[in-house]
Amino acid sequence: MTTTTRIFNFAPGPAVLPLPVLEEAQRDLVALPGIGMSVLEISHRGKVFEGILHECEANIRKLAGVPDTYKILFLQGGASTQFSMVPMNLLGPGKWADYIVNGAWGEKAIKEAKKVGAVNLAHTTGPDFKRVSKQDELKLTPGAAYVHMTSNETIQGVEYTGSFETGGVPLVCDTSSDMFAGPIDVSKYALVYAGAQKNMGPAGVTLVLIREDLAVKAPATLPSMLHYPTLLKEPSLYNTPPCFGIYIVGLVMKWLIGLGGLEAIRAINQRKAGKLYAEIDRTGFYRGHAEKDSRSVMNVTFRLPSPELEEKFAKDAKAAGLDGLKGHRSVGGMRASIYNAFPEEGVDALVAFMRDFEKKNG
Ligand SMILES: Cc1ncc(COP(=O)(O)O)c(C=O)c1O
């Protein structure tokens with residue numbers, strides 16, 4: 001296996017994984033060292049998988065400084081299932097939740113919550129979603145069961161770095177596309193969830209960090225598979241968990257620790273994103289979608305002078321080994337998703353391509 005067969009993959013998710021992780025998984029796929037069986041074949045109740053699960057959890061705790069009062073769950077159903085599980089578990093009778101909507105995923109989250117109970121739109125930057133909400137724009141309602149935010153809107157490429165102040169109301173955050181992109185103060189949130197397939201591992205695993213006291217209030221009438229207290233009794237082992245996905249997440253966590261942890265990866269991410277935004281700002285040919293102070297470090301969205309040029313850009317870029325740059329159909333334009341595992345050489349290659357494309361078409 002050599003890197004020469006790999007192109008630069010700017011896809012928004014499932015997305016690029018660290019090459020050393022793929023190589024280790026490939027090397028050990030047929031038989032885990034000393035075990036004689038594939039990770040795909042071992043029992044989720046056996047000692048080997050237990051070791052993989054606990055090491056992965058311990059590394060997540062170490063990397064993100066997850067306090068002991070929080071439990072870690074690896075679930076199935078994607079972040080989208082959390083859009084429903086959060087209100088099902090946390091919205092008690094007669095209660096309501098406040099939602100901050102800064103993009104397409106926040107819109108989906110609030111839509112699902114409305115099916116479960118009463119919801120208040122605390123603020124939205126729609127329909128264009130060129131920026132995130134500001135703290136002083138929020139119309140939070142005292143006594144809400146929780147406040148929901150999306151830290152990084154993958155489609156629009158807008159990011160809120162940090163947590164909103166909620167006046168003591170539990171804060172729930174969808175961190176699907178920027179989890180582990182930099183340090184996170186977990187103690188600011190009551191619940192954090194993220195689909196793995198952008199910054200953590202393959203599709204099929206969803207990470208949930210939940211403050212223990214929050215989970216206990218969930219109605220016992222919920223289906224067991226959607227009921228946090230049931231799932232927390234034996235975390236990630238109520239039923240057969242996504243074993244292979246958890247194994248890969250574990251390898252990614254070790255890779256991150258090896259790089260120097262979340263401060264180190266943040267510096268790399270800022271450098272990578274900085275190069276792209278500098279190129280976007282260099283002339284008027286490219287136009288960033290997000291306002292400058294809301295720009296995402298993970299998903300860089302930009303437009304070209306015309307849809308025809310955008311089409312050509314995506315086509316020519318693909319031919320040059322830069323794949324996955326077409327923006328989401330709801331926004332148009334281009335989107336470069338440059339998650340943790342995306343190599344800096346790929347960013348440099350895109351910058352060079354952008355310059356060349358502008359020269360030829362500008
Ligand atoms: C911010 C955000 N939230 C939620 C989702 C939905 O995740 P899933 O496909 O795992 O349900 C995505 C997927 O792209 C996302 O980017």
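All of (1) more than 25 Å from V351 (Cα to Cα); (2) surrounded by fewer than 16 Cβ atoms within 10 Å (Cβ to Cβ) hold for L232 with one exception: (2). Taking the stated definitions as given, is G65 more than 16 Å from the ligand (Cβ to nearest atom), modelled with pLDDT under 95 and surrounded by fewer than 23 Cβ atoms within 10 Å (Cβ to Cβ)? No; evaluated as a whole, the condition is false for this residue. Quick one: in the stretch 164-197, of everything that is hydroxyl-bearing (S, T, Y) and within 16 Å of the ligand (Cβ to nearest atom), which residue is surrounded by the most Cβ atoms within 10 Å (Cβ to Cβ)? So, considering only residues that are hydroxyl-bearing (S, T, Y) and within 16 Å of the ligand (Cβ to nearest atom), the one surrounded by the most Cβ atoms within 10 Å (Cβ to Cβ) is S177.
Does the stretch 279-300 contain any residue that is touching a Leu at 6+ places or on another chain (Cβ under 8 Å), part of a strand (DSSP E or B) and under 22 Å from T175 (Cα atoms)? So far as the stretch 279-300 goes, yes, one or more of its residues are touching a Leu at 6+ places or on another chain (Cβ under 8 Å), part of a strand (DSSP E or B) and under 22 Å from T175 (Cα atoms).
Name the residue that is nearest to the ligand (Cβ to nearest atom), counting only residues in the stretch 74-83 that are outside any helix (DSSP H, G or I) and surrounded by fewer than 20 Cβ atoms within 10 Å (Cβ to Cβ). Across the stretch 74-83, the extreme among qualifying residues is G77.
Of the residues examined, A58 is one that is outside any strand (DSSP E or B), at pLDDT 95 or above and more than 18 Å from S177 (Cβ to Cβ). Residues in the stretch 133-150 that are of a type in the set (K, R) and within 16 Å of the ligand (Cβ to nearest atom): there are none. D136 meets all of the listed conditions (1) crowded, with 19+ Cβ neighbours inside 10 Å; (2) among the acidic types (D, E); (3) in a helix (DSSP H, G or I) but one, namely (1). Residues that are in a loop (DSSP other than H, G, I, E, B), surrounded by 17 or more Cβ atoms within 10 Å (Cβ to Cβ) and more than 12 Å from the ligand (Cβ to nearest atom) within the stretch 198-225 comprise just one, A218.
The criterion of being of a type outside the set (S, T, N, Q), within 12 Å of the ligand (Cβ to nearest atom) and either in contact (Cβ under 8 Å) with a residue 12 or more places away in the chain or in contact with a Phe, Trp or Tyr (Cβ under 8 Å, 6 or more places away or on another chain) (or both) holds for E153. Out of curiosity, is S43 assigned to a loop (DSSP other than H, G, I, E, B), of a type in the set (S, T, N, Q) and closer than 16 Å to L251 by Cβ? So S43 fails the test. Could you tell me which residue of the stretch 92-107 is nearest to the ligand (Cβ to nearest atom), considering only residues that are closer than 14 Å to N120 by Cα and not acidic (D, E)? So the residue we want is G106. Take the conditions of a type in the set (D, E, K, R) and touching a residue at least 24 places away in the same chain (Cβ under 8 Å) and apply them to D281. Does it pass? Judged against the criteria, D281 is not a match.
The values are calculated or read from the model by the stated rules, or taken from the named source; none is laboratory data. The model shown is predicted, which means the values in this text are computed figures rather than measured ones. Cβ sites come from the backbone with ideal geometry, for glycine too, and all protein chains shown count toward neighbours.
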